[in-house]
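A.B. asks: First, the structure itself, so that you have it in front of you.
What follows draws every value from the coordinates through simple rules; no lab data is involved. Computed from a prediction, not measured in an experiment: that's the story for all the values here. No Cβ is skipped: glycine too gets one built from the backbone with ideal geometry, and neighbour counts run over all protein chains shown.
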Amino acid sequence: MPKKVKKTNWGDFYRSEEQFKAMQWCIKNNIIITPLAATAGNAPQNFWIEITIQGRVSKTPKTYNAKEVYPQIYEYYKYYYDKHRNRI
């Protein structure tokens, strides 16, 4: 019998239209925000958030569990959208 594969539980987060608009704007302007597993394995539970702006990569010092990582990513998208939309 095959071994049962563990899965990451991402929770029930649904982005809003405003969050989606901020994400689209950021991607069009080379601001990419992604989760990065903090532990190795098939079902990581903790993640850093990696932020790439115009090719420069930075990583959050804090790790987030799987259920809080996507809400935090969209907070970062909104932050960068509000900060840069009038400059770029």
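A.B. asks: When you go through (1) closer than 30 Å to Lys3 by Cα; (2) surrounded by 11 or more Cβ atoms within 10 Å (Cβ to Cβ); (3) touching a strand residue (DSSP E or B) at 6+ places or on another chain (Cβ under 7 Å) one by one for Lys67, which number turns out not to apply?
C.D. replies: So the condition that Lys67 fails would be (3).
A.B. asks: Between Pro44, Pro61, Pro2, which is surrounded by 12 or more Cβ atoms within 10 Å (Cβ to Cβ) and either without any contact (Cβ under 8 Å) to a residue 24 or more places away in the chain or assigned to a loop (DSSP other than H, G, I, E, B) (or both)? Working first, answer last.
C.D. replies: Details: Pro61 fails: surrounded by 12 or more Cβ atoms within 10 Å (Cβ to Cβ); Pro2 fails: surrounded by 12 or more Cβ atoms within 10 Å (Cβ to Cβ).
None of the other options fit; the residue is Pro44.
A.B. asks: For residues in segment 1-45 being farther than 17 Å from Tyr74 by Cα and of a type in the set (Lys, Arg), which is farthest from the chain's Cα centre (by Cα)?
C.D. replies: That would be Lys3.
A.B. asks: Mind counting the residues in segment 40-86 that are β-branched (Val, Ile, Thr) and over 18 Å from Phe13 (Cβ atoms)?
C.D. replies: Step one: of segment 40-86, the residues β-branched (Val, Ile, Thr) are 49, 51-53, 57, 60, 63, 69, 73.
Filter once more, keeping what is over 18 Å from Phe13 (Cβ atoms): 51-53, 57.
The number of residues fulfilling the criteria is 4.
A.B. asks: Additional query: Restricting attention to segment 48-59, does a residue exist that is among the hydrophobic types (A, V, I, L, M, F, W, C), within 30 Å of Lys4 (Cβ to Cβ) and in contact with a Leu (Cβ under 6 Å, 6 or more places away or on another chain)?
C.D. replies: So far as segment 48-59 goes, yes, one or more of its residues are among the hydrophobic types (A, V, I, L, M, F, W, C), within 30 Å of Lys4 (Cβ to Cβ) and in contact with a Leu (Cβ under 6 Å, 6 or more places away or on another chain).
A.B. asks: Condition check: of a type in the set (D, E, K, R) and surrounded by 16 or more Cβ atoms within 10 Å (Cβ to Cβ). Does Lys78 satisfy that? First the steps, then the outcome.
C.D. replies: Details: of a type in the set (D, E, K, R): yes; surrounded by 16 or more Cβ atoms within 10 Å (Cβ to Cβ): yes.
When the stated conditions are applied, Lys78 passes them.
A.B. asks: Restricting the search to segment 14-41, which residues are on the phi < 0 side of the Ramachandran plot, assigned to a loop (DSSP other than H, G, I, E, B) and surrounded by fewer than 14 Cβ atoms within 10 Å (Cβ to Cβ)? Working first, answer last.
C.D. replies: Quick first cut of segment 14-41, residues on the phi < 0 side of the Ramachandran plot only: 14-29, 31-40.
After this cut, where a residue has to be assigned to a loop (DSSP other than H, G, I, E, B) as well, the list is 14-16, 29, 38-40.
Matches in segment 14-41: Tyr14, Ser16, Thr39, Ala40.
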